[in-house]
Amino acid sequence: MYRLALFACSALVLLAQRQPLFRDEVQPILAAKCVACHSETQKMAQLDLSSFAGLMAGGANGAVLVPGKPEMSLLWKMVESGKMPMGAKPLSDAEKKILRDYIEQGRFPKLDVSAQEAAREAKIITPEARQWWSFVPPVKSTPPGDGHWIDAFVKAKLAARGWSLQAEAPRATLLRRLSFALTGLAPGPQEVESFATDQDPEAYTKRVDALMASRHFGEHWGRHWLDLAGYSDTTGDAGDSEREAMYKYRDWVVGAMNRNMPYDAFVRLQLAGDQFVNYKPGTKPNEQEREALLATGYIRSTTDITDNQSIYQVDKYFDAIFRVTDTTMKNLMGLSIGCARCHDHKFDPILQKDYYRLMASFQAVYDPEAWLAGNLAYGPWPSRMVLDMESDVAAKWKEEVSNKDAVALRRARLLLEATYQRYRTALQLGKNIDDPAARETIRKEIEADPDLQLDQDDDGSVFPNSELEARFPELVTIKNEINDKYRKKKTTIKPEYLRAAWDVSKTPSPTYLLMRGDYLSPGPEVKPGVLAVLDSPTSPTIFPDSKAHPEWNHTGRRMALSKWLTRADHPLTARVWVNRVWQYLFGEGLVRSVDDFGREGTKPTHPELLDTLAVSFVEHGWDTKWLIREILLSQTWRQDSAADPEKMKADPENHLLWRKPPLRLEAETIRDTMLQVSGLLQMEAGGPPVGVSKLPDGQFAEDPKKGNVNRRSLYLSYQRTRPVGFLKAFDCPEMTADNQAQRFRSTLPVQALALLNNPLVMRTSNAFAQRVLEEAKGNTEAAVERAFRLAYSRKPEQREIALAQQTIATAKDPAAGLRLFLQAMLAANEFLYAY
Amino acid sequence: MMTRREMLATVAGGYGALAAETLSANGYNLRAKQPHFPAKAKRVIFLYVGGGASTIDMYDPKPVLTKYDGKPAPFQIKGRALNGSQQVMASPWSFGRYGESGRPVSSLLPKFTQVVDKVAFVRSMATDRIDHSTAQFTFVTGRGFSGFPAIGSWVAYALGSENQNLPAYVAIESTRCTIGTRAYSPAWLPPVFGGTVMEPKPEAPVYDIQRPEGISEAQQRQLLDTVKQLNQKQLREYPHDPEFEARIANYELAARMQLEALQVADFKQESPETLALYGCHDKVAGQFGKSCLLARRLVESGVRFVQVITSSGGGNGWDTHSNIKGALPGLCHSIDAGMTGLLIDLERRGLLDDTLVVWSSEFGRLPTIESNGPRPGRDHNPYGFSMWMAGAGVKAGVDYGDTDELGYAALPEFKVGHSDIHATVQHLLGIDYQRNTYPFEGRQESLVGVNPARVVKEVLS
């Protein structure tokens, strides 16, 4: 059972006469007509009509609303009779109808919780349920043998079958494997050479340490985390608009990985950085605050389809808060709690109430009753952005961008841009728009469109704006008008902002348990808290009351949640992370279902190893680099990847870890290594992403007009609906499903097509050929040898030299032949895998 | 010089006995699979009209509207705007009755009148989403949010493909819709089940299908051969890892795909009469017409699910909030020839017997005007609209359901949602829509999920 599906069925019933929504329809009426007297501060007759809670609480005369019964509701009686609003214009008929419909058809919280509820919960949260393997804190075991402690656990299992670890991989293979795993780049020929001949017994350890100290470590491991966060440079709304400044979070993650920030702190800052530094919204963050706020970009990376439509947003608000809750719990605890949105979890001991307890922590960030706009075109500024400017400058800038002129300017520019686009579309479709009246019709339509959107994929090259301007003079006129009218009023301040999460207020709207996940069916109010099954039955975790902390600028909820998640004895957090780290290195986790440590998931193949890793990791201060280093120093990791036929037959999935399996490289690593070996790769770190544009064949690719196209893939713009074609072919996720914990490693013909025909491959193989020819001073044979050392970290075999010669000879021009051979090298399996 | 075919034979011959197939993660592939029960339809062409087509001006005349034309509606009409206009606007177009079934078609669709007998209308569609993005997500994924697999992905997952040289699921964007690539995204289903974008462009119908400029056929042949030679090393060193073999086989597959995709997108073999039938040369109707023709050629080649997407035509979008009188004729003109030609052409080729054609929009438009002014339009109407199906297993010439006298809301007893259509389409393909599931986040997910859904048997033969 899932998500809003259930919302859908309940709403279907009401289709023909949809009941009014409190926030979008009822609240504005109350705000306009009643709140002047009945507000939180001006509480006449002790009645506060400024919020849903206030409405339901009633006033001095008791309840003002009887669900389903307008005639018995004081609110309706006063309004209908015209007694209220006192001394003001009565409600219009339409407004009255909305109120009446709402009382009659709206859904209201069931405010009493029956005793049966508690009994039902006790049946789910049983002592046995608490004993599920992953709910019990991990315990360290003594390694059952000699040698590296990780190997001892693995070897014991292998020995039970009469097997052992395979021999260590050859040095070049090992270094290549290591380099890809730690940095996502291939080792250089000299490094391969020096490692191959290094007699130092610490030679391998030294390479591990050196690669972990490289700043490329953070770029590669940061990307793993960004997959979990569901990082994207676009929002995921209808037009998939750009998410400005999001890249600062990406850079924060890379930096945190490179600085080896302890994992517990890494998690706490991302969930609640703003609260830990007690950031005061609206102020210029100091250096420490900026750092903490950047981390909370994690919470802002969720898909958010709230767009510029004026109403009917409430379901989308809930979608965002549901997603951030689900994704975070999945990422950190390896539990899919989504089912509990609609009902108690069918398989795991997770109560529906648990879901909303956890969700309540995010309520103050994504408050459906006080929504912060996701983009500039909609809602009040500054929305999701923290302005990183002195307060007076920030205030001035806000004034400048949010005043009527600025809004009008944005609208005027949008209309003009849309006019170009629609003219262009008309011409492309062969429509005759030479008649000014036809064009006026188009412009009128655009003006009348309440949810006007630009076509993000508009191909401006076919009928460029300049050509349109030459043909249709009104475009120039409009453009000049805009320039003249707004020239003086243009803002002069360059904004500095970052995307962060903070609590909208210390008293966010209440979190209700939503019956069947339907926000129109709120049940009892739920207080923030944690999963019952992981909580102490005798002294449950109680979140701090922010009212008791007048010095706080926040609710303290996410802080409390993150502290609970990173408790040393939390049974899941460390286990889930060490398992992910294992998966990044071996392709599969010790628990194969990396996102599901519940009953529907798989059990660990090596439970003692997993637990010992988890406990030791926490004992070492949640030190991720320590953890990675321990694994990399094991023989389990260093062993050969070749498949032994007997073991392959008996254990094809490598559950017993009898080899280190060969793994196809991730999309980014393939692209980066192509650029690297061809000498094109630019190592510039961080900053705004390199933009993408549509190629003539329809796919998107990095655009030289929008940045340096030779940067690492991490720095390309990740767009949910405009994925870079080459990366998409190799399973780079589009984050349409919020996040992706584990990359697919598919084998598809589109990959072969990309390696044959994609412009990237042509560009890199050209440069590669030039590079090796130059380095070999024009000697083709030497150039081929150089290419093998660069791309495959080894010398070519005799057979391969002959193949190269033969391939090159087929071309009229040896340089072209060499390029062809090098393209084949980049397209071959040796290049695409870490062995 | 070798022909392309000879070259492929040479290349393919070297790959040994391994059956060429597409391997996705976890061993998912596109091999044709048996349906759950005997299927009426083998393949689907899904015509996706994004933006909200005004079906009351196209297929569903409501004579009562004339009575109220310019006057307030007799009951409250809700659009998106809180205080939306209540002023009824009769359809500005005349309707005639056509075919043996004598069903009404407006003057906007003169060609469609020829095929009205071939289709079954569902005239009582309703959805719970009122804005484009959420309604379009519902339209093709069953959920009002991004992040769920599209119907074509579910079908490809269940049935695979009958042609391993082409994708199982193709999306043709005659024009791009509001939700972009998410209209054919596999979401969390393995990527092999995602919609592959194709365009009716003979030179570049699929990404990366065309040889790069300056690379001759001979050079590419050499390239393939060299890659094959280089790959021998892994075959020797990893003889027991099928993945390496599969990857080698994929080059063969890619080469065949290159050939076949270019062939399928090449309309040279189509007669002038056929091109005219689809309106291929018409300035306004050409793009959609060519997309429909490509769709026919694809299903003919064994592609399982083709989704033709359009959101505008004649220089206007289907989202006719204003100037519906000016815009709708061009919009209808843009699809009339394509969809009509498709049905005629499929039938005369004997393909309509086992090909299902589905036409729908995410929602319809209200019988009222959206705003006063010289060029009124109609607002979104999720409460009642029409869609049609034709071909395999569909009872031609029947209607199911109705809306109220104004064409505003579906009559409750007949209400059909997008999930019902999803169930029906799968049913016709021999798929038990409740058994076509995939494990996701600890659950067995399906296209309809927990939505109430039923097969609309009333329109099935």
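The values are calculated or read from the model by the stated rules, or taken from the named source; none is laboratory data. Because the structure is predicted, anything quoted here is derived from the model rather than measured. Please note: Cβ atoms are built from the backbone with ideal geometry, for glycine as well, and neighbour counts cover all protein chains shown.
Quick notes on this structure:
- Single condition A:N708 does not satisfy, out of (1) part of a loop (DSSP other than H, G, I, E, B); (2) more than 14 Å from chain B (Cβ to nearest Cβ); (3) closer than 23 Å to B:I209 by Cα: (3)
- Screening segment A:323-437 for helices (runs of 4 or more DSSP H) wholly inside it with 3 or more residues that are crowded, with 24+ Cβ neighbours inside 10 Å and out of contact with any Leu (no Cβ under 7 Å at 6 or more places or on another chain) returns the ranges A:352-360.
- When B:E173 is tested against the conditions (1) farther than 13 Å from B:A295 by Cα; (2) within 9 Å of chain A (Cβ to nearest Cβ), the lone failure is (1).
- Residues that are in contact with a Ser or Thr (Cβ under 7 Å, 6 or more places away or on another chain) and among the β-branched types (V, I, T) within segment A:559-580 comprise A:T566, A:T573, listed in sequence order.
- When residues of segment A:599-648 are limited to those that are modelled with pLDDT of 95 or more and within 14 Å of chain B (Cβ to nearest Cβ), the one nearest to the chain's Cα centre (by Cα): A:S641
- Hits in segment A:674-698 (condition: free of Cβ contacts under 8 Å to residues at least 40 places away in the same chain and either part of a helix (DSSP H, G or I) or not aliphatic (A, V, I, L, M) (or both)): A:Q682, A:E684, A:G691, A:S693, A:P696, A:D697, A:G698
- Selection count, segment A:786-816, where residues are in contact (Cβ under 8 Å) with a residue 12 or more places away in the chain and closer than 22 Å to A:Q190 by Cβ: 12
- Scoring B:A246 on the criteria (1) touching a Ser or Thr at 6+ places or on another chain (Cβ under 9 Å); (2) more than 7 Å from chain A (Cβ to nearest Cβ); (3) among the aliphatic types (A, V, I, L, M) leaves a single failure, condition (2).
Conditions (1) hydroxyl-bearing (S, T, Y); (2) in contact (Cβ under 8 Å) with a residue 24 or more places away in the chain; (3) more than 7 Å from chain A (Cβ to nearest Cβ); (4) under 30 Å from A:A815 (Cα atoms), marked per residue:
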position	(1), (2), (3), (4)
B:V192	no, yes, no, no
B:V206	no, yes, yes, yes
B:P212	no, no, no, yes
B:I215	no, no, yes, yes
B:L223	no, no, no, yes
B:A254	no, no, no, yes
B:Q269	no, no, yes, no
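- Selected residue (criterion: modelled with the highest pLDDT) from residues of segment B:147-204 that are basic (K, R) and either closer than 21 Å to B:V299 by Cβ or part of a helix (DSSP H, G or I) (or both): B:R182
Yes or no, residue by residue, for (1) of a type in the set (S, T, N, Q); (2) touching a strand residue (DSSP E or B) at 6+ places or on another chain (Cβ under 8 Å):
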| position | (1), (2) |
| --- | --- |
| A:P143 | no, no |
| A:G147 | no, no |
| A:R161 | no, no |
| A:L165 | no, yes |
| A:T173 | yes, no |
| A:S179 | yes, no |
| A:G184 | no, no |
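- Filtered residue count, segment B:299-349, keeping only those that are under 23 Å from B:P167 (Cβ atoms) and of a type outside the set (A, V, I, L, M, F, W, C): 10
- Scanning segment A:149-170 for residues that are under 37 Å from the mean Cα position of the chain (by Cα) and either modelled with pLDDT under 95 or not in a loop (DSSP other than H, G, I, E, B) (or both) turns up A:W149, A:I150, A:D151, A:F153, A:V154.
- Some residue of segment B:282-304 being on the phi > 0 side of the Ramachandran plot and either under 25 Å from the mean Cα position of the chain (by Cα) or surrounded by fewer than 20 Cβ atoms within 10 Å (Cβ to Cβ) (or both): yes
- Pick from segment B:305-317, criterion at pLDDT 95 or above and within 14 Å of chain A (Cβ to nearest Cβ), ranking: surrounded by the most Cβ atoms within 10 Å (Cβ to Cβ): B:T310
- For segment B:291-314, filtering for residues that are in a helix (DSSP H, G or I) and without any contact (Cβ under 8 Å) to a residue 40 or more places away in the chain leaves 1.
- Just one of the listed residues (B:E441, B:E362, B:E370, B:E445) is within 30 Å of B:L343 (Cα to Cα), within 13 Å of chain A (Cβ to nearest Cβ) and among the charged types (D, E, K, R), namely B:E362.
- Applying a threshold of 6 Å to beta carbon distances and a minimum spacing of six or more residues, or different chains, the list of pairs starting in segment A:598-625 at a residue that is within 21 Å of A:L335 (Cα to Cα) and ending at one that is among the basic types (K, R) and at pLDDT below 95 reads A:T602/A:R592.
- Matching residues, segment A:501-542, being more than 25 Å from the chain's Cα centre (by Cα) and among the acidic types (D, E): A:E525, A:D535
- Restricting attention to segment A:809-832 and to residues that are surrounded by 23 or more Cβ atoms within 10 Å (Cβ to Cβ) and more than 8 Å from chain B (Cβ to nearest Cβ), the residue that is farthest from A:F730 (Cα to Cα) turns out to be A:L818.
- Identification of strands (runs of 3 or more DSSP E) wholly contained in segment B:85-145 with 1 or more residues that are in contact (Cβ under 8 Å) with a residue 12 or more places away in the chain, on the phi < 0 side of the Ramachandran plot and crowded, with 24+ Cβ neighbours inside 10 Å yields B:103-106, B:119-125.
- Residue that is farthest from the other protein chains (Cβ to nearest Cβ) [pool: residues in segment A:712-767 that are β-branched (V, I, T) and touching an Asp or Glu at 6+ places or on another chain (Cβ under 8 Å)]: A:V724
- Residue match in segment B:129-137 (condition: more than 18 Å from the chain's Cα centre (by Cα), of a type outside the set (D, E) and either more than 16 Å from B:N451 (Cβ to Cβ) or more than 13 Å from chain A (Cβ to nearest Cβ) (or both)): yes
- Some residue of segment A:10-23 being at pLDDT 80 or above, touching a Phe, Trp or Tyr at 6+ places or on another chain (Cβ under 8 Å) and crowded, with 21+ Cβ neighbours inside 10 Å: no
- Taken over segment A:127-146, residues that are over 20 Å from A:D569 (Cα atoms) and either exposed (fewer than 13 other Cβ atoms within 10 Å of the Cβ) or among the acidic types (D, E) (or both) amount to 1.
- Selection of segment A:461-470 for residues being touching a residue at least 12 places away in the same chain (Cβ under 8 Å) and surrounded by 13 or more Cβ atoms within 10 Å (Cβ to Cβ) yields A:F463, A:N465, A:L468.
- None of A:M261, A:M257 is part of a loop (DSSP other than H, G, I, E, B), hydrophobic (A, V, I, L, M, F, W, C) and out of contact with any strand residue (DSSP E or B) (no Cβ under 6 Å at 6 or more places or on another chain) except A:M261.
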